[in-house]
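Have a look at the structure below before the remarks.
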Amino acid sequence: MASGDDSPVFEDYESSPYSLEKMTDLVAVWDVALSDGVHKIEFEHGTTSGKRVVYVDGKEEIRKEWMFKLVGKETFCVGAAKTKATINIDAVSGFAYEYTLEINGKSLKKYMENRSKTTNTWVLHLDDEDFRVVLEKDTMDVWCNGKKMETAGEFVDDGTETHFSIGNHDCYIKAVSSGKRKEGIIHTLIVDNREIPEILE
C-alpha cells in the first residue's frame, strides 16, 4: 500500500527538477583561448520555452525567457579585452538547431587560425604554479595568467628583447629575424636563462 511518504523528495541538487531542466537545455559548450586566458562559453536553448542563456566562465551574461523566435543570434563580450562574441542559432530541419560561435565576426575556427599567426603562447611551471604567457605580436603586449604585464623593450645585436618579471623570475621574449620572408620573426621566451617551448592552441 503506497503512503504519501513514498513520493520522491528533491533535496539534493543533483536530482532536483531545476538542475535536470538546466542540463537538458545546455546545447553547446566552447573553449576560447584569448590573450587573458581560456574562456568557457556555455549556451542553453530551451526550444519549448524559448529560453536563451549564455554563460561565460560560469557567470550568466545573457538570459532571455519566452523568445517566440527560436532562431537568431546572441552577442556578448568575453575576457579582459571585451572581445565580441556571437552565437548564431540556425534551424537545420524540423526541430533541430545548429549553434555556431563567432569571435570578432569570424568563425571560431578562422579566428583561432588567424590568432595562431598573431600570437605566441607558452605554458610554464614556476614555484609550484602554472603560468600561461601570451605575446600579441602586433602590439607586443605580454599577458600572463590573464593580466597584462609591465614590459621594457630593449634592442640587442640580433633583434629585440621584451623584458618582464613573473614573481622573482626574470623573463624576456627575444624577437629575431628568421632570415626567411615567409617565416618572418621568431619569438622565444627565456625564463631564468632557460628557453621555454611554445605551445600551439
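The values are calculated or read from the model by the stated rules, or taken from the named source; none is laboratory data. This structure is a prediction, so every number in the text was calculated from the model and none was measured. All Cβ positions, even for glycine, are placed from backbone atoms using ideal geometry, and neighbour counts span all protein chains on display. Side chains are part of the model used for accessible areas, which takes the heavy atoms of the whole protein and leaves out ligands, DNA and RNA. Shrake-Rupley method; radii C 1.70, N 1.55, O 1.52, S 1.80 Å.
Structure notes:
- Highest-MSF residue in the chain out of 112, 67, 149 [GNM, Cα springs under 10 Å]: 67
- Assigned charges on the beta-carbon of Lys, Arg, Asp, Glu; the chain dipole about Cα centre (debye): 1300 debye
- Of all aspartates and glutamates in the structure, the ones whose alpha carbon falls short of 16 Å from that of residue 73, not counting any fewer than 8 places away in one chain, are 42, 44, 61, 65, 90, 98, 102.
- Rounded to the nearest 20 debye, dipole of region 115-196 from Cβ charges on Lys, Arg, Asp, Glu: 620 debye
- With a threshold of 18 Å on the Cα-Cα distance, the over-threshold entries among 40/84; 109/180; 117/182; 40/82; 106/182 are 109/180; 106/182.
- What the Cβ-Cβ distance of residue 141 and residue 51 gives, at R0 = 45 Å and to the nearest 0.05, is a FRET efficiency of 0.75.
- Projecting the Cα atoms of 165, 105, 47 onto the dipole axis of the chain, where Lys and Arg carry +1 and Asp and Glu carry -1 at the beta carbon, places 105 farthest toward the positive end.
- The figure for residue 74 is an accessible area of roughly 10 square angstrom, using a 1.4 Å probe on the protein chains alone.
- Rounded to the nearest 20, the Cβ-based charge dipole of region 26-110 about its Cα centre (Lys and Arg +1, Asp and Glu -1) stands at 240 debye.
- Take every pair of alpha-carbon atoms less than 8 Å apart whose residues are at least six positions apart; their mean separation over the length of the chain yields a relative contact order of 11 percent.
- Taking region 115-196 and dividing mean pair separation by its residue count, relative contact order in percent (alpha carbons under 8 Å, at least six apart): 17 percent
- Backbone N atoms of region 103-120 closer than 19 Å to the 7 Å Cα→Cβ label point of residue 182 belong to residues 114, 116-118.
- Taking the protein heavy atoms of region 26-110 in the context of the full set of protein chains, the accessible area attributed to carbon and sulfur is 54 percent at 1.4 Å.
- Span per principal axis, largest first, for the Cα atoms of the chain (Å): 87, 40, 22
- Given charges at Cβ of Lys, Arg, Asp, Glu: the chain dipole, positive-most of 92, 191, 32: 92
- From phi via Karplus (6.51, -1.76, 1.60), per-residue ³J(HN,Hα) for region 107-120 in Hz, x at Gly/Pro: 4, 4, 4, 4, 4, 5, 5, 5, 4, 5, 7, 9, 9, 10
- Within the listed set 141, 128, 57, the residue fluctuating most in the Gaussian network model of the chain (springs between alpha-carbon atoms under 10 angstrom) is 128.
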